[in-house]
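Inspection log for the structure reproduced underneath, given as structure tokens.
The values are calculated or read from the model by the stated rules, or taken from the named source; none is laboratory data. Here the structure is a predicted model, which is why all the values come from computation and not from measurement. With ideal geometry, Cβ positions are generated from the backbone for all residues, glycine too; neighbour counts draw on all protein chains shown.
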Amino acid sequence: MIALGIIVIAFTGNVFASVNLLVVVASSALFLAGYQLLNTGKILNYDLRSLQKLIKK
């Protein structure tokens with residue numbers, strides 16, 4: 001996720017004026033989610049197993 005966030009930020013850095021704000025917000029969210037996942041093993045206090053349970057419902 002961090003890599004996806006960095007890639008989107010890097011590719012949109014040169015043409016920032018023409019980039020949709022939603023793309024910038026989404027790439028920042030991917031970057032922060034990846035950072036939390038690497039540091040704590042959770043994203044917003046949900047671990048991967050609890051996220052899988054929420055998706056299966």
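Annotation note: Cβ proximity below 6 Å between a residue of region 18-42 that is of a type in the set (A, V, I, L, M) and a residue that is assigned to a helix (DSSP H, G or I) (sequence gap 6+ or interchain) occurs for Val19/Thr12; Leu30/Leu4; Leu30/Gly5.
Selection within region 10-52: residues that are among the charged types (D, E, K, R) and surrounded by 11 or more Cβ atoms within 10 Å (Cβ to Cβ). The member of this set that is modelled with the highest pLDDT is Lys42.
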